[in-house]
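The values are calculated or read from the model by the stated rules, or taken from the named source; none is laboratory data. The model shown is predicted, which means the values in this text are computed figures rather than measured ones. Neighbour counts are summed over all protein chains in view; Cβ atoms, including those assigned to glycine, are modelled from backbone coordinates with ideal geometry. These accessible areas exclude ligands, DNA and RNA; they are computed on the full protein's heavy atoms, side chains included. Shrake-Rupley method; radii C 1.70, N 1.55, O 1.52, S 1.80 Å.
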Amino acid sequence: MKQTLLNLSANGRLIAGLLVNLLSSICIVFINKWIYVHYGFPNMTLTLVHFVVTWLGLYVCQKMDIFAPKSLPIRSIVWLALSFCGFVAFTNLSLQNNAIGTYQLAKAMTTPVIILIQTTYYKKTFSTKIKLTLVPITLGVILNSYFDVRFNMLGTVFATLGVLVTSLYQVWVGAKQHELQVNSMQLLYYQAPLSSGFLLCVVPMFEPLTGDGGIFGPWSLPALATVLFSGVVAFLVNLSIYWIIGNTSAVTYNMFGHFKFCITLVGGYLIFNDPISINQALGILCTLAGILSYTHFKLAEQEEGKSRLAQRP
C-alpha cells in the first residue's frame, strides 16, 4: 500500500511537471506576441525583464536548496552570456516581425545549423541517416517562408540571426557544462545576471528611455502586469525543462517537445488569425516529419551506444 502511494505521488509530480512545461512553453510565445501586437513594448527591455526575473527565481530556488550553486570564474562565461543575450533578443525580434508559424518553423533550422557548426569546427561526425533528415526540415521551412503571405525581409533577417546565435549558444552551453562540470541551472545562475548587465548597458542605445514606446514611458497597468507575468512564465519554462530532463528520459522530453511544436503552430493560426495556405501546411508537415525522423534516429543511436558500453567487459 505504501509503495502504491509513493508511485502515485511520483506520477503526480511527473504529470504536474509536464503540465507546467507544456503551459509555460506555449504561453510564453503567445504572451510575448500579445505584448508586441497590443502594447508595443520594446523588445530588448522585455528580454532584460526575463533575464532579471529568471535570476531572481533561481536565487529563490537555491535558497530553497533546489540546486547548489557552484562558484565560476566570470571570464569563462562572458561569451556564453553575450550569446545568451543575442539568441533571446533575436528570437523575440523574429516573433515580433513574423507570423507565429514562420517563427516556430524557423526555430527548427537550429538543428541543421548546430550539425554544421559541430561538423565544421568541432570535427564531429554524424551518420548518413541523421544528415538526410535535415533535407525535409530545411525544405519545409523554405516552403512555408516562400508561401507565407506575411513574409518580410526584416523578419527573415531576425529569424536567421536568431537561428545562428541560438545554435552557437547551444553548442557552447554543452561545451561549457563539460568544461566547468556544472548543470544547466548552475550555469544559468551566473549567465542570467551577467546577461542582464550587458543588456542594461546596450538597451539605451537602441530603445528610447522616455515617451511613447520608451522604457519609462506611460505604460498602462495591464501592460506592466503582462510584461512581469511573461518574465515569470519565462522562468517557469527554464525551470521545468531542467526538471523534466532530470526526472524523465530523453524520449519523453523530445516527444513532448513535438507536441508543444504542433500546439503552438495551431494556436498561432487560431488566436492571431495568421493565414495559412495549402503549400504552407505541406511545408509544416514536411518539417515535422524531418524533426520526428531526426529524433527517432538520434535516440536510436544513443541507445545503441549505451548497449555497446554495457557489453564491454
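A simple rule links phi to the HN-Hα coupling: the Karplus curve 6.51 cos²θ - 1.76 cosθ + 1.60 with θ = phi - 60°, which for the stretch 31-45 gives 5, 4, 4, 4, 4, 5, 6, 9, 10, x, 5, x, 5, 5, 5 Hz, with x for Gly and Pro.
Tell me, what is the FRET efficiency for Leu56 and Trp79 to the nearest 0.05, using R0 = 25 angstrom and their Cβ-Cβ distance as r? About 0.55, to the nearest 0.05. Note on Lys129 and Glu301: the model spin-label points, each 7 Å out from Cα along the C-beta direction, lie 1.0 nm apart. Entry note, the stretch 40-304: relative contact order of 38 percent, from Cα contacts under 8 Å with a spacing of 6+ residues. Highest-first packing order for the peptide set 38-48, 289-299 is 38-48, 289-299, based on the mean count of other beta carbon atoms within 10 Å. In the context of the full set of protein chains, residues of the stretch 42-187 present 49 Å² of accessible surface per residue (probe radius 1.4 Å, heavy atoms only).
The charge dipole of the stretch 40-304, taken about its Cα centre with unit charges on the Cβ atoms of Lys, Arg (+1), Asp and Glu (-1) only, comes to about 440 debye.
Apolar share of the accessible surface for the stretch 40-142: 68 percent from carbon plus sulfur atoms, 1.4 Å probe. Taking 0.36 nm per residue of sequence separation and removing the Cα-Cα distance, the His38/Thr210 pair yields an extension gain of 60.0 nm.
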